[in-house]
Structure formats: C-alpha cells, structure tokens
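Heads up: the structure comes next, in structure tokens.
The values are calculated or read from the model by the stated rules, or taken from the named source; none is laboratory data. All figures in this text were calculated on a predicted structure; none of them were measured in a lab. Cβ: placed from backbone, ideal geometry, glycine included. Neighbour counts: every protein chain shown.
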Amino acid sequence: MSSIAAAVKNPVPIRACTVSRDVQNFDLLIEDMETELGESWGDLGFHNALKYLDLPEARALEFIAIALDDDDEPNMAQVQAVIQRARALDIHVILIAEELGPITLHRLLRLGASDFVPYPLPEGALHDTIGRLSQPSPGPATANTPRTEQQGDRCGTVIAVHPLAGGSGATTLAVNLAWELASLKGPDAPRVCLLDLDLQTGSVSTYLDLARTEKVFELLSNTAMMDRDFFFSTLQTFNDKLKVLTAASDMLPLDLITPDDIARVIDMARANFDFVVIDMPGTVVQWTETVLTHADIYYATMELDMRSAQNALRLIRALKAEELPLSKLHYVLNRAPRFTDLSGKSRAKRMAESLDITIEVSLPDGTAQVTHANDHGLPLAEIAPKNPLLKEIRKLAHSLVESQRNATRAAA
C-alpha cells in the first residue's frame, strides 16, 4: 500500500486508490487490494482525495474504492464531491459500505458510483467487481440479439398485481397465486418466481416467513452488473418450489430503481421461469409504466367501496393520459358479494358500469383464515385447504396455465 506522497513519487504505476477516513478500519479491504493489485495502489483520506484527483497522475487510475461506515454519514458532502470529480475524469467508483443507510447509498449510487460491495467483504467480491468494471459495456440489445445460455431458455408469462386501495388483497392474491402455480404437478409443471417490488412496505417475506436480506438491495442497485448467477443468489426458495425476491431489509426510496433496472429484473426472471408474479406497490411510480408494458396480465385489486372506485378512476385517467395499454388491466373484486347477496351483486354491477370496466375475477371473503395464514408465514393451501378464497385463486391458476399452454400450442 502506498500513501499519497508515495503514490506521487513511486515509479510503480498506481492503478487504484482507496479513499476513507482511516483505511485501517477496513483491514479486509487492504488484504483484497494487495491481492488484486500488489503495490499498484495507494490510499487517500477524504481531505486530500480531491487534491490528488487534480494531479496529472490521477488520470491513470482505473478506479477508486471509497470505504465508508455509519460514522461517515455526517461528512457526505466530501464523499459526494470525490465521486463527482472521479466520474468527471472517467474513473470508476466502488463503494465499500458497512452499516451505511440505504438512502445514503442510494444517493451516492445516483451520483455516479459504479458498484457497491458490503463490508465485511464477501470472499471474492472485490475481485468480481473489478472484473465487471474492466469489461466493456454491452451494446444496446436488439430484436436479433441471440439469448445467451446464461440469460435463460424460457419466455415466461408476467403477471402483476396492483392494489387500488389498501387492504384490497393484492399481496394475498400474489402470494397464493404464485404458490398455486408452483404447486401444479406433472411433467410440465411450471417454474414460478415471485417478485416483491413494494420497496417500502412489501410483506411477501412475512407471508412466506422468509428472511429479508441485504442481497436484495445489492441487486436492485446494481442491475447493470446482474447476471443469472447474481440474480439466482438473491432469490430465496419457499418449500422447494417457489423462488422469491423479497423486499429489502430496510425501507428504500421508491425511486431507488429506474425503469431500466425494472426491465432488466423482469427480463431475467421471464427468461428463467414460466410464470413471474409481481407484487406491486399501491403508489404509481416512474417504473409502473415499465411493469405494465412488460406484463402479460396486470391485475388491479379493489373492493366494493367508494375509495376503490375513485382510485380506479384515477388510474384509468392516468393511463389514458399517457396513452398506456388499458387492455392489460384486469380488475379483481376482493370480498365480492356471495351468490345469494343480490343487493351486493347489483352494487358491484353498477360500480363496474359507472367506471366502464369489467370485473373479470371475483374473490370471496377468505375470513380470518387469511390473516391466520399470513401471520404464520404460510400460503392458504397449507393452513385452510378448503377456504373459498383459495378455491377461486386455484381456479385462476389453472386457467392461466391452460391459457399459456394453448398459446404455446398455437405458436408451434
């Protein structure tokens, strides 16, 4: 390791530098830098990093590794200035972060940091990151671009579920629909992936008793570097059948991910699974359009009340204003009136007519068994196999599989 003074005088070319408050707090980083670069790296403090970047010698740097922990959060102005200066010189920036808040990381990545690695450094993580940075950026994908083996060999059906009102059963539908699809048996049983894109209040992990991990944040903040192995290492498996991308362990900004990030994640999932079920946030965000465009079916869950009707009208107006495909919207009425409830059925009909929509799926009240299943982290099928809500979701799953098979036969 070289100091700033040695870095200027040392005849050995300096290929990279660490930047930190005290690099001795990151001993694993020192070891990995020496393994990767030998003596061809230097160390800078925040106070002299900008001065060094102004020197002619800095133009030869391949990257800088900025090491941060929670004690550095009050001094983010210096860190941001270093990132901006490095990017202006076309020098890659790797963030090495320990106990740093996701909002702060999000801000630094948006400023131009190329990659993020958690500290303590996982074995081989810095090596892999340097390798990715040294690879040339791929050109834009075209319709004639062949699918590589690493991307996957499938072209799955993408199903999004969007709540039009809180408590309208979107996550319950997404989780149980994904499980019913994954539970189908036979030689051509579908492979299913469930993506929780509700970055702030996503509860798929709770409903399936899965851990929230830091890997999710790493994936979402580095989708440009994502390959099939990276994607699958982030997924968790529920009961050996269902692959799940949970929400991150911390509440993340809704603009953490861009439309391009979402497109990459959906494309990767579609290429490796027969069905991709997406649990959407109730808020319409910048990338909602991306999901709507990529989805084959976009379920909007609602209840028989005024708030659902008003929110449905708002969504319809927003999509029309942006000239987005309304035909992909399929309305799901949760807690629908029973067959004998003629008054309730009449109200549902009037609501649909007033909104000029068709309610294509009617789900009965699952009663307290739904809450019981969710609290125990199990699908309804594992808690209440005769639940009326489960029966309707199971019918829906079978119809989706049959539709996919018919479409495959027609295309053959």
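If you go through segment 56-105 and keep only what is crowded, with 22+ Cβ neighbours inside 10 Å and more than 18 Å from residue 43 (Cβ to Cβ), you end up with just 105.
If you go through segment 289-307 and keep only what is among the small types (Gly, Ala, Ser) and not in a strand (DSSP E or B), you end up with just 295. Quick one: residue 97 ticks every box in (1) touching a Leu at 6+ places or on another chain (Cβ under 6 Å); (2) part of a helix (DSSP H, G or I) except a single one, so which number is it? It is condition (2) that residue 97 fails.
Quick grid of which residues meet (1) part of a helix (DSSP H, G or I); (2) over 18 Å from residue 117 (Cα atoms); (3) not assigned by TED's automatic domain parsing to the domain that holds residue 124:
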residue	(1), (2), (3)
34	yes, no, no
42	no, yes, no
51	yes, yes, no
73	yes, no, no
79	yes, no, no
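Residue-by-condition table, conditions (1) more than 29 Å from residue 239 (Cβ to Cβ); (2) modelled with pLDDT under 90; (3) touching a Leu at 6+ places or on another chain (Cβ under 6 Å); (4) among the polar types (S, T, N, Q):
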{"residue": "340", "(1), (2), (3), (4)": "yes, yes, no, yes"}
{"residue": "352", "(1), (2), (3), (4)": "yes, no, no, no"}
{"residue": "356", "(1), (2), (3), (4)": "yes, no, no, no"}
{"residue": "368", "(1), (2), (3), (4)": "no, no, no, no"}
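Residues in segment 349-372 that are assigned to a helix (DSSP H, G or I), in contact (Cβ under 8 Å) with a residue 12 or more places away in the chain and under 35 Å from the mean Cα position of the chain (by Cα): 351, 352, 355, 369, 370, 372. For segment 184-200, filtering for residues that are surrounded by 13 or more Cβ atoms within 10 Å (Cβ to Cβ) and either outside any loop (DSSP other than H, G, I, E, B) or not aliphatic (A, V, I, L, M) (or both) leaves 9. The single condition from (1) more than 28 Å from residue 378 (Cβ to Cβ); (2) in contact with a Cys (Cβ under 8 Å, 6 or more places away or on another chain); (3) surrounded by 22 or more Cβ atoms within 10 Å (Cβ to Cβ) that residue 257 fails is (2). Do we find that residue 239 is assigned by TED's automatic domain parsing to the domain that holds residue 171 and on the phi > 0 side of the Ramachandran plot in this structure? Yes.
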